[in-house]
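The values are calculated or read from the model by the stated rules, or taken from the named source; none is laboratory data. The model shown is predicted, which means the values in this text are computed figures rather than measured ones. No Cβ is skipped: glycine too gets one built from the backbone with ideal geometry, and neighbour counts run over all protein chains shown.
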Amino acid sequence: MNMNKRRSPRLPIQLEVEFDHEQTGTVSLVTKDISDTGVFIQLTEDQQPPLGTIARVKLKNDFEDGEEAPILQMKVVRNTPTGIGLEFIL
């Protein structure tokens with residue numbers, strides 16, 4: 001029996017992002033994976049913001065057509081020893 005209860009599949013991909021939170025300030029980090037509902041960002045435990053707080057995330061590189069990547073509001077929904085799970089706020 002499949003125990004995976006995820007709403008959407010994860011795509012393993014490493015993208016450089018600017019992560020901004022009142023606790024960490026703006027730092028450059030790398031994603032581990034992304035899905036339709038959120039993203040997992042690699043972050044040490046001592047840097048992790050509390051569950052339920054809001055962060056801003058932006059791709060470091062603009063899109064191929066030169067359009068600037070948007071700043072996304074995301075909610076911290078999971079903390080692990082290797083990083084945090086963030087959910088898109090729509």
When the range 39-54 is examined, which residues are found to be of a type in the set (Val, Ile, Thr) and over 18 Å from Gln14 (Cβ atoms)? Thr53, Ile54
Those residues of the range 36-64 which are surrounded by fewer than 16 Cβ atoms within 10 Å (Cβ to Cβ), of a type outside the set (Val, Ile, Thr), part of a loop (DSSP other than H, G, I, E, B) and touching a residue at least 24 places away in the same chain (Cβ under 8 Å) amount to Asp36, Pro50, Leu51, Gly52, Lys60, Asn61
Residues satisfying the stated conditions in the range 65-80, i.e. at pLDDT 95 or above and either assigned to a loop (DSSP other than H, G, I, E, B) or touching a Leu at 6+ places or on another chain (Cβ under 8 Å) (or both): Met74, Lys75, Val76, Val77, Arg78, Asn79
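For every residue, the table says whether it meets (1) among the basic types (Lys, Arg); (2) more than 15 Å from Arg78 (Cβ to Cβ); (3) in contact with a strand residue (DSSP E or B) (Cβ under 8 Å, 6 or more places away or on another chain).
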residue: Glu22; (1), (2), (3): no, yes, no
residue: Val30; (1), (2), (3): no, yes, yes
residue: Ser35; (1), (2), (3): no, no, yes
residue: Leu43; (1), (2), (3): no, no, yes
residue: Pro50; (1), (2), (3): no, no, yes
residue: Glu64; (1), (2), (3): no, yes, no
Output the residues belonging to the range 1-27 that are among the aliphatic types (A, V, I, L, M) and modelled with pLDDT under 80. Met1, Met3
May I ask you to say which residue of Glu67, Glu16 is loosely packed, with under 10 Cβ neighbours inside 10 Å and more than 12 Å from Glu87 (Cα to Cα)? Glu67
